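Participant: First, the structure itself, so that you have it in front of you.
The values are calculated or read from the model by the stated rules, or taken from the named source; none is laboratory data. Bear in mind the structure is a predicted one, so any value in this text is a computation, not a measurement. Neighbour counts run over all protein chains shown; Cβ positions are idealised from the backbone, glycine included. For accessibility, only protein heavy atoms count, side chains too; no ligands or nucleic acids. Shrake-Rupley method; radii C 1.70, N 1.55, O 1.52, S 1.80 Å.
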Amino acid sequence: MIQFSDSKLKEVEKIIARYPQGKQKSAVIPVLHLAQQEFGGWLDVPVMDYVASLLSITPIEVYEVATFYSMFNLKPVGRYMFEVCQTGPCMISGADNIIDYIGKKLGIKPGETTSDGMFTLKTVECLGACGYAPMMQMGKHYKEHLTPQRVDEIVDECRRNAASNN
Amino acid sequence: MADEKQLFKVTIDNITVEVEPGTTILMAARQIGGDVTPPAMCFYSKLQGSGGKCRTCLVEVSKGSEKDPRPMPKLVASCRTTVMDGMEVKNITSDKVMDARAGVVEFLLLNHPLDCPICDQAGECHLQDLSYEHGKEGTRYEFSRRTFEKEDFGPYIQLHMTRCILCYRCTYVAAQLTDSRVHGVLDRGDHAEISTYISKAITNDFSGNMIDVCPVGALTDKTFRFKNRVWFTKPVQAHRDCDKCCGKVTLWNRGDEVLRVTARKDEWGEVESYDGKPGWICNTCRFDKKKLSDWVIEGPTNVNRHSVISTNHYVNGKVPQETIAEVMGGRQPKLLMDIHDVSDVNDPSVDLSVIPGPATGATFNNKKQQ
Amino acid sequence: MGRKLLLEKAHVENIRHFDVYRREGGYRSVEKALKTMNPDAVTEEVKKSGLRGRGGAGFPAGMKWSFLAKPEGVPRYLVVNADESEPGTFKDRYLMEFLPHILIEGMIVASYALGSNRSYIYIRGEYWWIVDILEQAIEEARNNGFLGKNILGSGFDCDIFVHRGAGAYICGEETALIESLEGKRGNPRIKPPFPAIKGVWDCPTVVNNVETISAVVPIINEGGEEYAKIGVGKSTGTKLISACGNINKPGVYEIDMTISVEEFIYSDEYCGGVANGKRLKACIPGGSSVPILPANLLLKTAKGETRMMNYESLSDGGFATGTMMGSGGFIVLDEDQCVVKHTYTLARFYRHESCGQCSPCREGTGWMEKLLLRLDRGQGKMSDIDLLWDIQRKIEGNTICPLGDAAAWPVAAAIRHFRDEFEWHVLNPEECTRRNYGLAHYADPLEVTVA
């Protein structure tokens, strides 16, 4: 059963209150973000239907939005997602090498997840960190000025965190 | 009279027409008719909010209005731009427009399969007509085309997304005619698609109208699919008492067999209006009433004489508006030879469909003697 | 050293917090506006300043404000566009991350001028951590009486909310942003009606860039006329430039629009020269959508004048030999970079970000990407170059929103100025996979090839 905890439901209420009365549809993107975080890092159909019911809109309105925006994952992803920018400014700063390096290190291609479900590698378009290239997004934060050594450190850190959280 | 509405004068390709304020350029052009009317693939006057997307109806506004005569800097979508008093518009007289339109046709055909012979829409496809009129032969696209799996929207409607040009009309039908929309446009950019996302059936009573508004063969009637080619069927106007819809339809028959039922379409390919209301039809009329005895036949449908669906007769046929002379500023097209000056065959005053039996030389000779 | 109006205090420790910001003179403009000016006077001041929209289009901000419809009983909205996604541009991020209060301060003044009691910041979804920074700043401002009911006893109520997007460049287009704020797909609307008449939730709305709204603070503090004295001609005030690519000191710089492009690239105060001692090949000075220029046209205009970092000088020569100020995303390419490949990544970006609503953009961007990839890999044909030119020409100006133009311009400019590099890729299919064309004649003081 898909259901937000009480504290998350309060958060949903707060989000809806940001918009004028009757305009709760505006909350769909923030609530989908919340749902994606809560329910395994991706949006399964029941999750989207649940969001629709929370906001009293039709499920298709949620599907339309969820499929439009690139930050919503419609398939399961790894525990840590490396979203490496590959657009012009990052490319001229060596993003391709970083993507290759991560791919080889983890044994996956862009778009794939490691078999242990730990890492997903994804190539994305400009993240607005062109001056700190090459870079990637990992969860809430950016990892900038990437080098192979820096990637090694990040991967190790993720593995350590995962081990201590289990 | 004091409360008489002030009309706006708008000149489209040198032809002036007076329209009510708030009229779009496209609707003003439709009042003139003929070649000066821009084609429209996504705009549908009976669907609120439609239009602006396909860009086939782009026109050049060479004079903004009487008050502000500056031309508009870019080509504008005529379906969504309202006229101003004194506005001057160039459609077929503008090279820029014709060039842009040829470009749009090429873009629309880029990922559209070119397999009209096996498409059910062939013969009544707006994209086919559009590319015939404005497209170029051959394609410059050398990459594989985008394809999708076919999807069933329930027992009556099939979606073949590969053919879709993303006009959004069907989503407006679902939103405006049915109680709840279960399909929409998903994903974005060049992989955007019409879908329910969860392979859901669309079961509303008026969902069948999505087929009628689809300009291409993306949404087709499963009760008719591949039963026949449209040009082998005979369209007749018919009606029945229906408690859900207007009951006024076109039957597409072969002999005594009703192969398909659709709403009646006007010369722009849109459903006819009755008393100002669009004549959408319900799914019962469309999918369930497939016997001639279900219907009161009114008579043959008038089919545009340019249409491939020409096996019908042309009694009371509507001759399209001829605009060449006006567009050319009064000059008549130069006719090198009028066939009727030298031959009596096919004398235009003889209605072939009303003469008994086949036409022979005598038909025309007699005519001359009279 | 140019004047700094926005980033002057950026390096003060803890300037992110209200107390420090206030101690450094923050929120003076709110006091001045709400206590001594009426809303129209604020708008008038912004008009006088000549402030142009800093998001890319450069439309005069005061004019935009004065277009706002004010029907009785209908709420009006200010929405700040923080959906910064143009490749090369990261100035708004810097501002919000380090000086969130200057944005909040500007928003309060702008909301007062426009009569917006609920104002929104639409921030791109990827700037996830900045949401917390902004929300904290809003909370601090509210606790100190600068937000909420009856601000400073003026009778004006205002609240600010942060709305986080979810990854779509197109939402930087103001009507797509409004759609997204309404909880829909980011499909740009067909205009008219413009947002000033019918914007978010069908109410009159002004959408302004983060930097534009922040610039309202010095305008009110110093007066519009004083602000207009900074800069030259119609390029008034200061502009944030985010410099990136092959330079020694990438980062965000505030310039007063009186320095030359050459100084900006080579002076130690700014970019510090091209990295690794390489030579300058080309530059995109205003974010990925503006035309790329080869070094010789970048530093000097076609007339041989020094090119300056301002709206007029950058666009001198039109698209034939000039470019645009755009959003201030300054991308520098050194002699080792391949223009074909770079253009390909931009085409891929625009294909990825096209909303898919109108046909020229939906189909054309993908087609250009495929052709450019083929050319980059040495599998292209000579005719592909002309075909690309024709495709971009048929997209430009024929789409609903400016994304079509933004996708067309980089391709057009690359072919216009670097055609021989494209041809080299066709003629040397093997070699081009191993090495790049290099600097060639692009930095020579020669006459430039113009297609």
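Participant: With the calculation restricted to Cα positions, what are the radius of gyration and Dmax of segment B:140-224 in angstrom?
Facilitator: Answer for segment B:140-224, Rg first and Dmax second: 12.7, 44 Å.
Participant: Where does the charge balance sit around C:GLU24 when Lys and Arg score +1, Asp and Glu -1, over other residues with C-beta under 12 Å from its C-beta? Intermediate values should be presented prior to the final figure.
Facilitator: Details: positive: C:LYS9, C:ARG16, C:ARG22, C:ARG23, C:ARG28; negative: C:GLU8, C:GLU13, C:ASP19, C:GLU105.
Surrounding charge for C:GLU24 is +1.
Participant: Okay, moving on. Relative to the compact globular guide of 2.2 N^0.38 Å, what is the alpha carbon radius of gyration of segment C:187-321, as a ratio? Before the final figure, lay out each step's value.
Facilitator: Details: Rg = 17.8 Å, N = 135, 2.2 N^0.38 = 14.2 Å.
Relative to the rule-of-thumb radius for its length, segment C:187-321 sits at 1.26.
Participant: From the helices alone, meaning DSSP H stretches of at least four residues, give me the mean residue ellipticity at 222 nm for chain C, per-run term -39500 (n - 2.57), in deg cm²/dmol to the nearest 500.
Facilitator: After summing the helix terms and dividing by the residues of chain C, the value is -12500 deg cm²/dmol.
Participant: What ranking of B:HIS183, A:HIS145, B:HIS134 comes out by heavy-atom accessible area, probe 1.4 Å, highest first?
Facilitator: The most accessible residue leads, giving A:HIS145, B:HIS134, B:HIS183.
Participant: While we're here: Describe numerically, in nm with one decimal, the distance between label points set 7 Å from Cα along Cα→Cβ at B:LYS74 and at C:ALA320.
Facilitator: If labels sit at B:LYS74 and C:ALA320, their model points lie 2.4 nm apart.
Participant: Still on this structure: Ignoring ligands, DNA and RNA, what percent of the 1.4 Å accessible area of the protein assembly as shown is carbon and sulfur?
Facilitator: Carbon plus sulfur share of accessible area: 50 percent.
Participant: Unpartnered cysteines of chain C (Cβ-Cβ under 4.7 Å counts as a partner)?
Facilitator: C:CYS158, C:CYS171, C:CYS203, C:CYS271, C:CYS283, C:CYS338, C:CYS355, C:CYS358, C:CYS361, C:CYS401, C:CYS432
Participant: Provide C:ASP268, C:ASP83 ordered by accessible surface of protein heavy atoms (probe 1.4 Å), highest first.
Facilitator: C:ASP268, C:ASP83
Participant: Using a 1.4 Å probe, what is the accessible area per residue for the protein assembly as shown, in Å²?
Facilitator: Per-residue value: 41 Å².
Participant: Bin width 20 Å, alpha-carbon pairs only: give the P(r) of the protein assembly as shown as whole percents, running from 0 to the bin holding the largest distance.
Facilitator: 12, 41, 35, 11, 2, 0
Participant: Quick one: which residues, 5 or more positions from B:ILE12 or on another chain, have an amide H under 5 Å from its amide H? H modelled 1.01 Å from N in the peptide plane, none for Pro or chain starts.
Facilitator: Amide H to amide H, under 5 Å and 5 or more residues apart or across chains, B:ILE12 pairs with B:VAL17, B:VAL89.
Participant: For C:LYS394, what charge total do you get from the other residues with a beta carbon under 14 Å from its beta carbon, if Lys and Arg give +1 and Asp and Glu give -1?
Facilitator: 0
Participant: At a 1.4 Å probe radius, which order do C:TRP65, C:TRP424, B:TRP231 fall into by accessible area, largest first?
Facilitator: These residues rank, largest area first, as B:TRP231, C:TRP424, C:TRP65.
Participant: I've got another one for you. Quick one: accessible surface of A:ARG150, probe radius 1.4 Å, all protein chains present, in square angstrom to the nearest 10.
Facilitator: Ignoring ligands and nucleic acids, A:ARG150 comes out at about 70 Å².
Participant: Residues with beta-carbon under 13 Å from that of B:GLN237, excluding B:GLN237: net charge, scoring Lys, Arg +1 and Asp, Glu -1?
Facilitator: +2
Participant: Name the shape class, rounded, prolate or oblate, that the alpha-carbon gyration tensor gives for segment B:227-317, where a ≥ b ≥ c are the square roots of its eigenvalues, rounded holds for a/c under 1.5, and otherwise prolate holds if a/b is larger than b/c and oblate otherwise.
Facilitator: Since a/c reaches 1.5 but b/c is at least a/b, the shape of segment B:227-317 is classed as oblate.
Participant: Cut-off 11 Å, label point 7 angstrom out along Cα-to-Cβ of B:LYS150: give me the residues of segment B:160-200 whose amide nitrogen falls inside.
Facilitator: In segment B:160-200, the label zone of B:LYS150 (backbone N under 11 Å from the point 7 Å along Cα→Cβ) covers B:160-161.
Participant: Exactly which trypsin sites (Lys or Arg not before Pro) in segment B:1-63 are in a DSSP loop and have at most 15 other Cβ atoms within 10 Å? Walk me through the numbers before you get to the answer.
Facilitator: Values: sites: B:LYS5, B:LYS9, B:ARG30, B:LYS46, B:LYS53, B:ARG55, B:LYS63; in loops: B:LYS5, B:LYS46, B:LYS53, B:ARG55.
Counting only loop positions with at most 15 other Cβ atoms within 10 Å, the trypsin sites (Lys or Arg not before Pro) in segment B:1-63 are B:LYS5.
Participant: Moving to a separate point now. What percentage of all Cα-Cα pairs in segment A:6-68 are separated by more than 19 Å?
Facilitator: I get 21 percent for the Cα pairs in segment A:6-68 exceeding 19 Å.
Participant: Still on this model: Looking at chain B, I'd like the Rg to Rh ratio, where Rg is from alpha-carbon atoms and Rh is Kirkwood's inverse mean 1/r.
Facilitator: Taking Rh as the inverse mean 1/r over Cα pairs, Rg/Rh reads 0.99.
Participant: For the C and B pair, go ahead and give the buried accessible area with a 1.4 Å probe, both sides summed, in Å² to 100.
Facilitator: Protein heavy atoms only, the C-B interface buries about 3000 Å².
Participant: If you take the Cα atoms of segment B:1-133, find Rg, then find the Kirkwood Rh from the mean of 1/r over all pairs, what is Rg/Rh?
Facilitator: Answer for segment B:1-133: 1.03.
Participant: So which GluC sites (Glu not before Pro) in segment B:76-138 are both in a DSSP loop and have at most 16 other Cβ atoms within 10 Å of their Cβ?
Facilitator: Sparse-neighbourhood loop GluC sites (Glu not before Pro): B:GLU137.
Participant: Here is a further query. Taking only DSSP H segments of four or more residues, each worth -39500 (n - 2.57), what value at 222 nm results for chain B once the sum is divided by all its residues, to the nearest 500 deg cm²/dmol?
Facilitator: After summing the helix terms and dividing by the residues of chain B, the value is -4500 deg cm²/dmol.
Participant: Which listed residue (A:VAL77, C:GLY224, C:LEU298) has the Cα farthest towards the positive end of the charge dipole for the protein assembly as shown, taking +1 on Lys and Arg C-beta and -1 on Asp and Glu C-beta about the Cα centre?
Facilitator: Checked the options; the winner is A:VAL77.
Participant: Using only protein heavy atoms and a 1.4 Å probe, report how much of C:MET325 is accessible, in Å² to the nearest 10.
Facilitator: About 0 Å², rounded to the nearest 10.
Participant: Using the Cα centre of segment A:80-164 as the reference point, and only Cβ charges (+1 on K/R, -1 on D/E), how large is the resulting charge dipole? Debye, rounded to the nearest 20.
Facilitator: For segment A:80-164, the charge dipole is close to 100 debye.
Participant: Can I ask one more? With each pseudo-label sitting 7 Å past Cα toward Cβ, what's the C:ARG393-C:GLU222 distance in nm, one decimal?
Facilitator: Modelled inter-label distance: 4.6 nm.
Participant: Also, I was wondering about something else. Structure shown: which of B:LYS5/C:LYS184; B:LYS67/C:LYS70; B:LYS9/C:LYS64; B:LYS74/C:LYS381; A:LYS23/C:LYS191 lie over 27 Å apart, alpha-carbon to alpha-carbon?
Facilitator: Result: B:LYS5/C:LYS184; B:LYS9/C:LYS64; B:LYS74/C:LYS381 exceed 27 Å.
Participant: Between chains C and A, what is the buried accessible area in Å², counting both sides, with a 1.4 Å probe and ligands, DNA and RNA left out, to the nearest 100? Each step should come with its number before you reach the end.
Facilitator: Working: alone 17790 and 9660 Å², together 23480 Å².
In total, chains C and A hide about 4000 Å² from solvent.
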